[in-house]
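Read the figures in this text as sums done on the coordinates, not as results from a lab. Just so we're clear, the structure is a prediction, and the values are computed from it rather than from any experiment. Using ideal geometry, Cβ is built from the backbone for each residue, glycine included, and neighbour counts are taken over all protein chains shown.
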Amino acid sequence: MDLAILETGQTLLRAPLTISPQEIDAYLDAVDDDAEVYRAEHLAPPMAVAALIMASAMRAVALPAGAVHTSQELDFAAPVALGPDGATLDCLASVAQNSERRGTRFLVLEIAADIQGRRAVTGRISLAVAESEE
């Protein structure tokens, strides 16, 4: 995707995201989190939810190799409860900022996810991408 053509306010992703209990178990194992509260209460850890949403948003942009995730700001407003089949979030990602300076493109994505009509997560992801020399 040519990142230069992305416009502020442009929607990049509007899609459901299903998070399975197996993905949450894999996340907890990967980050070595042995707190039983998530499994006992059938909840998805907030950062697991954020990581999966951000991954979907960044895939929607089709970032080139070498892109750097420079920062994120996240707000968690509601827990994500997992049923036997997981949880489905309605995700949205849009362009909040797109600029180029000295051969580097700076892209800020705004993300949001709702669960059962209630806002669960909002945030912004900042990315830096070296512009290709063609």
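Data for the structure
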quantity: Coil-residue GluC sites (Glu not before Pro) of segment 8-100, DSSP, other Cβ within 10 Å capped at 11; calculated: E36
quantity: Unit Cα scatterers, Debye sum, the chain: log10 I(q)/I(0) for q = 0.16 Å⁻¹; calculated: -0.81
quantity: In sequence order, calculated HN-Hα J values of segment 108-116 (Karplus, 6.51, -1.76, 1.60; Hz; x Gly/Pro); calculated: 10, 9, 9, 10, 8, 9, 10, 10, 6
quantity: 14 Å beta-carbon shell around Q22, net charge (K/R +1, D/E -1); calculated: -3
quantity: About the Cα centre, charge dipole magnitude for segment 3-130 (Lys/Arg +1, Asp/Glu -1 at Cβ), debye; calculated: 760
quantity: In segment 35-102, trypsin sites (Lys or Arg not before Pro) in a DSSP loop with at most 12 other beta-carbon atoms within 10 Å; calculated: R102
quantity: Using alpha-carbon coordinates, inclination of helix 46-61 to the longest axis of the chain, degrees; calculated: 30
quantity: Sum of -39500 (n - 2.57) over DSSP H runs of 4+, divided by residues of the chain (222 nm, nearest 500); calculated: -7000 deg cm²/dmol
quantity: C-alpha long axis of helix 21-30 to longest principal axis of the chain, angle in °; calculated: 70
